[in-house]
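Colleague: Before we start, here is the structure in question, set down as C-alpha cells.
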Amino acid sequence: GTKYLQQFGQADILQLDSAFRPLEGSDEMKLSPNVLRQLEVLTSSAGTYKGSLLWLMNHTSTPMGGRLLRHWVSHPLQSREQIEARLDAVEELN
C-alpha cells in the first residue's frame with residue numbers, strides 16, 4: 001500500500017498531524033454493548049428507556065444536553081482528576 005501511495009506522491013496521507021484525535025479517547029472507558037445491556041445503562045431489562053440508568057439520571061433541559069449525558073454515561077471517565085473536574089463543573093451549574 002505505501003509503495004503505491006509513493007508512486008502517486010500521496011505517501012503523506014498516512015501521516016497524522018497534531019490535530020488528529022482518535023474517536024475513542026484513552027481517557028474514556030470502552031464499554032461493550034453487552035456490558036451496557038447487562039448493567040441497564042441505556043435500556044432497562046425490559047428493553048425500554050424507562051427504568052434504565054440514563055432514564056433515572058436524565059434531567060437535562062435540551063436535546064444536546066441529553067446526548068452529552070448519554071455519551072458521558074456510556075463512556076465513563078477513567079481519570080480521577082477528570083472525574084473531579086467534571087463534578088466541579090456540574091456543581092457550578094446548580
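Colleague: Scan region 18-25 and give yes if some residue there is surrounded by fewer than 13 Cβ atoms within 10 Å (Cβ to Cβ), of a type in the set (Lys, Arg) and at pLDDT below 95, otherwise no.
Modeller: Yes, because at least one residue in region 18-25 is surrounded by fewer than 13 Cβ atoms within 10 Å (Cβ to Cβ), of a type in the set (Lys, Arg) and at pLDDT below 95.
Colleague: Restricting attention to region 38-61, which residues are β-branched (Val, Ile, Thr) and at pLDDT 95 or above? It would help to see each step written out before you state the result.
Modeller: So in region 38-61, the residues β-branched (Val, Ile, Thr) come out as 41, 43, 48, 60.
Result: Val41, Thr43, Thr48.
Colleague: Another question, if that's okay. Search region 61-71 for residues being closer than 14 Å to Val90 by Cβ and not small (Gly, Ala, Ser), and hand back the single one that is most open to solvent (accessible area, probe 1.4 Å). Before you say what the answer is, go through the steps one by one.
Modeller: Taking region 61-71 and keeping what is closer than 14 Å to Val90 by Cβ, we get 61, 65, 68-69.
Add one more test, that the residue is not small (Gly, Ala, Ser), and what stays is 68-69.
Details: Leu68: 81, Leu69: 26 Å².
Looking at residues that are closer than 14 Å to Val90 by Cβ and not small (Gly, Ala, Ser), I get Leu68.
Colleague: Are there any pairs, at least 6 apart or on different chains, whose C-beta atoms fall under 7 Å, with the first in region 76-92 and farther than 20 Å from Leu53 by Cα and modelled with pLDDT of 90 or more and the second of a type in the set (S, T, N, Q) and assigned to a helix (DSSP H, G or I), and if so, which?
Modeller: none
Colleague: Name every residue in region 72-86 that is assigned to a helix (DSSP H, G or I) and either among the small types (Gly, Ala, Ser) or loosely packed, with under 10 Cβ neighbours inside 10 Å (or both), in order of residue number.
Modeller: Restricting attention to region 72-86, the residues satisfying the condition of being assigned to a helix (DSSP H, G or I) are 72-74, 80-86.
Hits for region 72-86 are Ser74, Arg80, Glu81, Ala85.
The values are calculated or read from the model by the stated rules, or taken from the named source; none is laboratory data. Bear in mind the structure is a predicted one, so any value in this text is a computation, not a measurement. Ideal geometry is used to build each Cβ from the backbone, glycine not excepted, and the neighbour counts take in all protein chains shown. Each accessible area value is taken on the protein alone, full model and side chains, heavy atoms only, with ligands, DNA and RNA left out. Shrake-Rupley method; radii C 1.70, N 1.55, O 1.52, S 1.80 Å.
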